[in-house]
Every structure is written in C-alpha cells, then in structure tokens.
Amino acid sequence: MSTLTTTQSAPFAAEPRLRPELLAPAGDWECARAAVENGADAIYFGLERFNARMRAKNFTQADLPALMEFLHRRGVRGYVTFNTLVFADELAAAEEYLRTIIASGVDAAIVQDIGICRLIRALSPDFPIHCSTQMTITSTAGVEFARELGAELVVLARENSLAEIEKIRAADVTAKTPMPLEVFVHGALCVAYSGQCLTSESLGGRSANRGECAQACRLPYELIADGRKVELGDRRYLLSPQDLAGIDVLPDLIRAGVASLKIEGRLKSAEYVASITRVYRKALDGVMSEVGPAVPSRPEFQPPRANEPPNPGRLGTSGPTTDPRYELQMAFSRGLYTGWFRGVNNQELAHARFGTKRGVLLGEVSRVGHEAISLRLVAPLKPGDGVVFDAGRPDEREEGGRVYQVERAGSEATLRFGHGDIDWRRVQVGQRVWKTNDPALDRELRATFEGGQIRFQRPIALEVHGRVGTPLTVIARDDEGHVAKAESTVPLAAAEKQPLTTVRLREQLGRLGGTPFKLGALESSLEGDVILPVSELNRVRRDAVAALDKLRAQPKRWQVGAGGIKARTDRASMGAAPPANPELIAVIRLLEQLDAAWSAGARTIYCEFENPKHYRDAVARFRELQASDAEPATLISHPATSSIWVAAPRIFKPGEEWILRQVRSSEADGYLVRNYDHLSFFANDRKRGDFSLNVANLLTAEYFLERYGLERVTASYDLNITQLEALLQSAPGRWFDLTIHQHMPMFHMEHCVFCAFLSSGKDYRDCGRPCDTHRVALRDRVGAELPLKADAGCRNTVFNNRAQTGAEYVARLLELGARSFRVEFVNETADEVRRTLGSYRHLLRGELSGAELWRELKLLNQLGVTRGQMDTAPQVIHRKA
C-alpha cells in the first residue's frame, strides 16, 4: 500500500474570479443532484424555517451534514437561504439555527435581515454572509452598507441594468476588499422590488418577506384612468413580467465583473433544474473558452426572444437532442426576456397576455376538424407531446391534451387527439397553440441525474515527481485549494524502453472514470527516463484521488464563539421613559392634505409626494401654519415640537443624486430614510427610518439608531400585534414609529404601468409622462380599484384601496411604551383627512375605543400579517403560478 499525506485547505474566500460561479436552486435532494450532475458550481437551498420559499419541500437541519458532504465531494458549494425577516421573539430560535448551520460546514448564508447579519457576526467572525436580493441593494452605498455588516457577497436587485452593475463594480473596485456581486441570470421575475413587496400580506395576510408570496402579480387586472376603463384588448396581465433569460448577456456580465450567476427556481422540478443548469453551463463554458485576454462582444448563443419559435440546429445543442432556446422555453416560460439588464423597456417587459407557463409556440389553428386541428407548425412536435389552446383567457380552464398523431401535408400539419380529450366547441380558428410538455426531453433530463452514477466531473491538476531509486510522488490539487499527496511503495527504476513520458502519464493517470474528477493540467518533474509498474502507477492514482476526495468531504471549519443576543437584549431594554403624550403623525401624499392634517391636530407631518418639487411648497405652507398656531393645549403634540419631514423615493440607483438634492432643497425639518443611499446623503440632517428599511427586531433597530444616528425607525409592516408586542418588550418604545392606519403599499416596481399602457414609449424619455395628467388605478378580480402612483424615479407603487387600522391595539401599544403613531393617507379628500385624524386624536386621548373607531370609519381591522381578508386567494394563485 502507498504512503498517504494530506493537507487541509484554507476556507473558501469569496473573492471575484474571472469565471463566474454558476449557482442553481435546489428545493430538495433530487434537485440538488440534478444541479450537481449538470454542472452547477454551487446550489442554494432552504431549511424548515426562515427562508423565502416556504412552499418548497426544503431540507431540514438534520440533512445538512450529509448534504454538505455530498456537495463538497463533488466540488460544489452549498448556501443556506436565511432570507426572511426575523421577529423579536424568534431571535433565540434563529441563533440556534445559525449555530447548526455554521457547525455543519455550510459555505454561506444568504441573509435578508440586518439583525441576523449582526447575529452571525456575533457568533462567528468568519462565517460567510451573502446579502440577499431581499435587502434591495441597487447602488454603491448598498454595497458599502453590506461590507460594514461583514458580508462577503451582495446579490444585487434584479432591476439593476448592465450599465448600473458596471458603475457599482467600478466604484467598488478601489475598496481594500472589493465586494463580489451576484445577479439573477434566469427564471421568474418579481415585478416588485424584492424585499419591498407587501401585496401578499395586504391581500391575503401572507408576507413575501416571510416566504409566503402568493404571486398576485400573475393575476389579471384592468386599467382605470380618470375613472374609466382603458381598453387594452387581450392585455390583462399588467403586472406579470416575462421570465428572465440572461444567456445572451453572459459576456457583458463577465466583463462587468459579476462573480456569481444565479438561476431562480426553488419551487421548480428537478427536470427544470437540470435543464436550465446544463444550458447555462454549456453557454458559460463556451463564452469562457473564447475569452482569452478579452471577453468577446457576443455570446455563443443568440437571445431567446419572447414567444419566438425555436429554430432547431441554428444554435448548436446543449444536450443530446435539443436547441438551447427550445429547452429554455420548455423548462418554464411566460415568454423569455433579458429583463432589466439592457435598461428599462416598459413595452417589452410585460406583454400582459398571460401570466402562466406557456412553453414553445407551435402556430395558430387554421382549421378545426373531427377531433383534430390543422396548423402551420413553426416548432417541432411529435405524438405524446402536450399542447394547450390559447383562447386569450388564461385565467379560465383551457383546452389541451396530448397529441396522438401528427400528419404532415406540405406546410401544414394535422394534429389528432384522443376521443373526448378536447371540448371542440371551445377550440376556434386563430387560437394560438403552445407546446407545454415534451416527454422525451423530460426523460433525457431525468437520465442526467437519476441513480448514483457520477456524470459531471471537475478538473484536478496533477504534479508528478521522482527519480531513479525514489518513490513516485503524485500531488493532486482541485480548484477549491485542497491538496493531497500519494507515493508509490515501489521505487522508480531506470527505463530501458517506454519511459514515463508526459503522454503515458496522462493516459494512465487520466483514467478517472467513476470519480468526481477529470484530469486537467499535468506537470511532470521526473528526472531522467524512469519506469514504474502499471499496477503501482494505478494504485498511486487511486490513492491520490481517494485522499483528495476525503479532504473535500470534510466540513468547513468556521469559528463559533459563545456570543449571542442576551447581552444586547439587556442593554437595549434600558433607556429613558417615553414622553407622557403620544404623538400623532400624519403621512400625506397630496399637498392639499396638509392644511387638513394641521387643522385636525397633527403637528408632525410626513410627506411623500410623487413630484419632490412640491416639497418646497409644503414646507413653506407648514411654516405659515406654525407661525399662526395658537392652540397648544388642545393638541396631541405641542407646537414647539411640530415638524415636517419629507421622503425621497424608496429606490436609489446610480445617477439619481439629483433627486436627493432636490429633496434636500426643500429645507424640511428632517428626512425619511428609505434606503442605504439616504443614510449617507442625509448623514448630517435629522432623519428617521421609514418602513422600507424592514425593521422587525431590536438588532436591526439598534443598528440604524446607533450606527447611523436615526432618531426613530418605523416598525416593519410585516409585524402583527403579537410580533409588535415582542418588539416593544425587547426594545424601548421611543425607538419606533408605529403605523396604525394605512393603505398598504403593495407592489413597488421599476415597471411603469403608466408608460407601458398609457403611452407607446419605453421609458421616461419618450413616454410623455402620463403620470402627470392621469389618476390611475388597477381593478382586480373582485372589482377593487387599487390606486397607482409614480415617483420621481418613474417607479410605481400600487396601494390597497381600503385602509386598514390597528386602532384596537393602541391601548396595549401605549402600555408597552409606544408613543409615535403614523396615520397614512393616499388620495383622501381634505374632509376625509380631518375626520380620520380627529378620530385618532380621540383614540389617543382615551375618548374613543379602537373598536368604535374602525367601525365608525368602516376600516379593515387589521395590523400587519393577519389571515382572513382573502384567505382563499393563495390557493387559486398557486394553481396558476
């Protein structure tokens, strides 16, 4: 037997590499195998709790040791998704989870909650943190914020264009340790900014920030402008983007320095994971093989255009039988598009004709016969394939089935179906026909990962050393830095013929079938002509490979300390007593609401206007009202403390500094901080945190107050009364604004509905700004008209049409030390503002009960996430997802 020596590698360092990592989703073991066998460099997966895909099967804590050993043996990294908000009463459980994750040798955690980032660093100084796209990082300031939290990688928002990514990377490259950037490259696009969507919460009591998104963006809506329905023909899915396909911008992403390319799909099948992974593996390898000293200007593959039929053979093959565009469309497609990579194009992002999977377009029905149809086929079709007839009403049951027979006659084909499979009364000439399933492709994909066979091998480098009379030494290295050595027990002899040349060594040492490895670089440092028996050479190879495999299977050893949250909690609970009188804060979105709010007794005003130019007018009017005030004794807040605060847009992108300068020019008393750029831009001003900062626990709140000097933060809208109580029991009430009346801001989107459906323009430069002249709402399936507003960055917010109230819980919140309460308005008239604020003044004085208030104002009795308003909606939505 040969003598073995092993060397343990250093922990993986998340540094930018020339070749981007290909990161695949894994909802279960089968998906993990599909990803590994089709070439993923890393997978991401969730556990039973604290992940943003709670509907996936997910892994368990008990699976982690075996899963990480499997991945590491195959040279694949594994990242746990810890990408939800964590409530105050869950921090102890979160700490326990994190200790298990770190001890299991997981390669990183993908995190949304700022408090959890802090908790990880309190537990471990070196365990890698990846900032989730749920953190809504869109700029250099966001990257710097992540760096200060101790993160090793940032997942940028899907809405960042290539040009913006390049700017962020260029600004960061001068940092002492540049931050690796990750982007989503394929899969479903959320229409709303991740981490900023409150739709599922508002409509169904299920929070997207807690992994329970019900995909209301995939439902049909009608467009209402100035009180009238806008006729849009068959375009009804106004908020449903096409699926992202970034395969044609891979060279641009590499050039921009992107470190990781992420495939969406933890709710998808193993066949989907196998398909998308292998297509992108081949495409990425093809681009990299052509890189040389410079990245080529064009990718190996042409882009898969929306609803464009495949052209078999034109693009080469990603597998034994398929064209990559065909395969991408068959895996899952609502239409494929480059998303925001090439900038904003509101005419193309959402075609609005369907929000469900379609697949490959086969053509249009030209004739309907007896249990058959005819059409001009524009894509491959064979018996057994599944099809659906598109009548333009995808929200209803659609006709479809498996094709029994395909008869070709010239340019036309006749498709025959089984008896009774189709209701032919519902099939009409002109309907589109989509191929939704290809059983042969599914079998091919399943064959790539079923069973225990190793199919995807990763290169290792071998060095060979020795001379006559000494053992042959083989040193094996992999790309992760593991190094193993094996030596022969038989010394090398002088070769009279057939010495161990590099060619012979490569032939013999390259016999790595059945292992996770293939031979890459081979360096021979043999001195003179030497020889070794083939059996001994094979033994050395097997032992070197076994030693390398053993090293790879060892879990990563991250440092774990005894630190935790207890000391922090004790310190946070200390603080000055709250002021005696509660503060009523009016949040207005129309200038004409200002006087009404003042006359109703509100002395703290928060303004969020579509046009920040109006902030100067609001501040000037507020100063006039302050000067004329003469009723201090009758107000909830004393006029000496009256103040007006203004809000810049929720999202900031490179090049939008002019908006912040315009906001500051209003000379308001203070500013609502809504993103990471606001923290730095308004560093020397009075500032308070808005709800978009997603403050759900004391660790997050403490960070914003102590590190960035915010006076208060608004508690997350994900918190219901139980979770708010837990927050106020763990941190001083004076830290928080609590929103007790609001129209929930549901979708917050880069997608501009005004531009897409009230103009022919693609963005603000050519849309004619219909948002300036029209009041618009979206009418949902139950007839509710949801107000729509645009901000200075042309981003849209959809609000719930009905206001909800937490009035019933105000007495309890006061007991717990809360003193600052927000009452928010959208389009209310001055009379409605006065009446509403008057009722809340009576409530805060104890002159009116919470139940009396919500009945009097006919409000939804709801605070944060509570089930009941549309409890059946998620089941309907899931069927179409």
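The values are calculated or read from the model by the stated rules, or taken from the named source; none is laboratory data. All values reported here derive from a predicted model rather than from experimental measurement. So basically every Cβ, Gly included, is an ideal-geometry build from the backbone, and we count neighbours across all protein chains shown. When the accessible area is computed, the model is the full protein with side chains, heavy atoms only, and any ligands, DNA or RNA have been set aside. Shrake-Rupley method; radii C 1.70, N 1.55, O 1.52, S 1.80 Å.
Of the residues in segment 840-859, at least one is aromatic (F, W, Y), at pLDDT 90 or above, open to solvent by less than 20 Å² (accessible area, probe 1.4 Å) and in contact with a helix residue (DSSP H, G or I) (Cβ under 9 Å, 6 or more places away or on another chain).
In summary, G39 fulfils each of the numbered conditions (1) assigned to a loop (DSSP other than H, G, I, E, B); (2) touching a Leu at 6+ places or on another chain (Cβ under 6 Å); (3) at pLDDT 95 or above with the single exception of condition (2). The set of residues in segment 650-693 that are closer than 17 Å to S716 by Cβ and acidic (D, E) contains only D690. From the list C767, C771, the lone residue that is in contact with a Cys (Cβ under 6 Å, 6 or more places away or on another chain) and surrounded by 20 or more Cβ atoms within 10 Å (Cβ to Cβ) is C767. Of the residues making up segment 478-499, those that are farther than 15 Å from S535 by Cα, open to solvent by 40 Å² or more (accessible area, probe 1.4 Å) and assigned to a strand (DSSP E or B) are K485, A494. Among what's in segment 500-521 and is over 44 Å from the mean Cα position of the chain (by Cα) and crowded, with 18+ Cβ neighbours inside 10 Å, pick the residue that is farthest from A547 (Cα to Cα). For segment 500-521, the residue satisfying everything is L500. For segment 714-732, the criterion of a residue being surrounded by fewer than 20 Cβ atoms within 10 Å (Cβ to Cβ) and touching a strand residue (DSSP E or B) at 6+ places or on another chain (Cβ under 7 Å) is satisfied by no position. Filter segment 176-195 down to the residues that are open to solvent by less than 10 Å² (accessible area, probe 1.4 Å) and not charged (D, E, K, R) and list them by number. M179, P180, L181, V183, V185, H186, G187, L189, V191, A192, Y193, G195, listed by residue number.
Condition check ((1) within 30 Å of A163 (Cβ to Cβ); (2) among the acidic types (D, E); (3) in contact with an Asp or Glu (Cβ under 6 Å, 6 or more places away or on another chain); (4) touching a residue at least 24 places away in the same chain (Cβ under 8 Å)) across all residues:
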{"position": "L64", "(1), (2), (3), (4)": "no, no, no, yes"}
{"position": "G78", "(1), (2), (3), (4)": "no, no, yes, yes"}
{"position": "F87", "(1), (2), (3), (4)": "no, no, no, yes"}
{"position": "A92", "(1), (2), (3), (4)": "no, no, no, yes"}
{"position": "G105", "(1), (2), (3), (4)": "no, no, no, yes"}
{"position": "G115", "(1), (2), (3), (4)": "no, no, no, yes"}
{"position": "D126", "(1), (2), (3), (4)": "no, yes, no, yes"}
{"position": "V143", "(1), (2), (3), (4)": "yes, no, yes, yes"}
{"position": "G150", "(1), (2), (3), (4)": "yes, no, no, yes"}
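On the stretch given as segment 350-370, residues that are open to solvent by 10 Å² or more (accessible area, probe 1.4 Å), assigned to a loop (DSSP other than H, G, I, E, B) and either touching a strand residue (DSSP E or B) at 6+ places or on another chain (Cβ under 6 Å) or aromatic (F, W, Y) (or both) total 0. Checked against (1) open to solvent by less than 50 Å² (accessible area, probe 1.4 Å); (2) out of contact with any Leu (no Cβ under 8 Å at 6 or more places or on another chain), A447 passes all but condition (1). Within segment 799-831, if we keep just the residues that are free of Cβ contacts under 8 Å to residues at least 60 places away in the same chain and not in a loop (DSSP other than H, G, I, E, B), the residue that is surrounded by the fewest Cβ atoms within 10 Å (Cβ to Cβ) turns out to be E815.
Listed by first and then second residue, the pairs linking a residue in segment 370-384 that is of a type in the set (A, V, I, L, M) to a residue that is part of a loop (DSSP other than H, G, I, E, B) and open to solvent by 50 Å² or more (accessible area, probe 1.4 Å), with Cβ atoms under 7 Å apart and 6 or more places separating them unless they lie on different chains, form an empty list.
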